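Each reported figure results from applying straightforward, stated rules to the coordinates on display, with no laboratory input. Computed from a predicted structure; not experimentally measured. Backbone-built Cβ (ideal geometry, glycine too); neighbour counts: all protein chains shown.
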Amino acid sequence: MLAQLRPAFVMIVLFTVLTGLVYPLAITGIAQLAFSEKANGSMIERGGMVVGSSLIGQSFASDRYFHGRPSATSAPDPADATKTIDAPYNAANSSGSNLGPTSMKLLDRVNAAVEAELDAGRIDIVAADAVTASASGLDPHISPQFALAQVPAVAKARKLPEDRVRALVDAHAEQRLAALIGEPRVNVLLLNLALDELR
């Protein structure tokens, strides 16, 4: 019996060391060498403080800033742990809403978001990403269409010429990778930080 247990024990120890220590350390080392900034979360610092990550969206409520797309993330309800409550941009609970195209809750939420955007005067043409959440609920990007639609409201709130704010959006627009992969996009946090640096 010992002859049968010994190889099994050796294999468990060997694969525990290989897959539990060697492989993770090797991948971490490669990531640190090849993609150090991304491996460390793409943190953005201003004045010696971390203000966010270029990979995770944040909520901006002031009219002085560009707004990201809605977030469908949630958190445990403090009153009842068996339920959840809306918690936009909750990075600890990345998730979409899982509401389908026939869901009345989704339709009501989208209609309310459209009305809120139109009433706030931030936009006059509603881009799809202005009223729909991303799959993760933490998307840091918006479409150039949504960003440009917000230019008049942001310029008015900051008392800046619209063409200057529009130029800032154009400067921060990222194009498709190799003109094929992905969609044109604007990182909201980076755009808002650049907006704060305008004189």
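Counting only Cβ charges, +1 for Lys and Arg and -1 for Asp and Glu, the dipole size of the chain around its Cα centre is about 420 debye.
Pairs of alpha-carbon atoms within less than 8 angstrom and 6+ residues apart define the contacts here; what relative contact order does region 1-82 have, in percent? Please report the intermediate quantities before stating the final value.
Details: 31 pairs, mean separation 8.6, N = 82.
In percent, rounded to a whole number, it is 10.
By the rule of a C-alpha distance below 19 Å, with chain neighbours fewer than 8 residues away ignored, the lysines paired with LYS105 are LYS83. In terms of surrounding Cβ atoms within a 10 Å radius of their Cβ, ARG46, ARG64 rank from fewest to most as ARG46, ARG64. Panel order for SER62, SER54, SER42, by other beta carbons found within 10 Å of each beta carbon, from fewest to most: SER62, SER42, SER54. Candidates GLY68, PHE35, THR16 compared by Cα position along the dipole of region 1-136: farthest toward the positive end lies THR16, with charges placed on Cβ. Think of the chain as having a plus end and a minus end, set by charges on the Cβ of Lys, Arg, Asp and Glu; of ASN93, LEU5, PRO140, LEU5 sits farthest toward the positive end of this dipole.
For q = 0.14, 0.16, 0.17 Å⁻¹, what log10 I(q)/I(0) does region 92-199 give under the Debye formula with an equal point scatterer on each alpha carbon and no solvent? Debye curve over Cα of region 92-199, log10 I(q)/I(0) at q = 0.14, 0.16, 0.17 Å⁻¹: -0.65, -0.83, -0.92.
When the charge dipole of region 63-193 is built from unit charges on Cβ atoms (+1 for Lys and Arg, -1 for Asp and Glu) and taken about the Cα centre, the candidate among GLY182, ALA155, ALA128 whose Cα reaches farthest toward its positive end is ALA155. Its relative contact order, with pairs defined as Cα atoms under 8 Å and 6+ residues apart, puts region 18-156 at 25 percent.
Under conditions of 10 °C and 1.306 mPa s, the chain yields 79 µm² s⁻¹ as its translational diffusion coefficient, taking Rh as the Kirkwood radius over Cα pairs in the Stokes-Einstein equation. Note on THR84 and ALA173: the model spin-label points, each 7 Å out from Cα along the C-beta direction, lie 3.5 nm apart.
Per the helix-only calculation at 222 nm, which mean residue ellipticity applies to the chain, given -39500 (n - 2.57) for every DSSP H run of n ≥ 4 and division by its residues, nearest 500 deg cm²/dmol? Spell out each step's value before the answer.
Working: 8 runs with 89 residues, N = 199.
Computed ellipticity for the chain at 222 nm equals -13500 deg cm²/dmol.
Give the calculated FRET efficiency between SER62 and ILE181 to the nearest 0.05, with a Förster radius of 41 Å applied to their Cβ-Cβ distance. Walk me through the numbers before you get to the answer.
Values: r = 33 Å, r/R0 = 0.82.
Once the sixth-power term is evaluated, E becomes 0.75.
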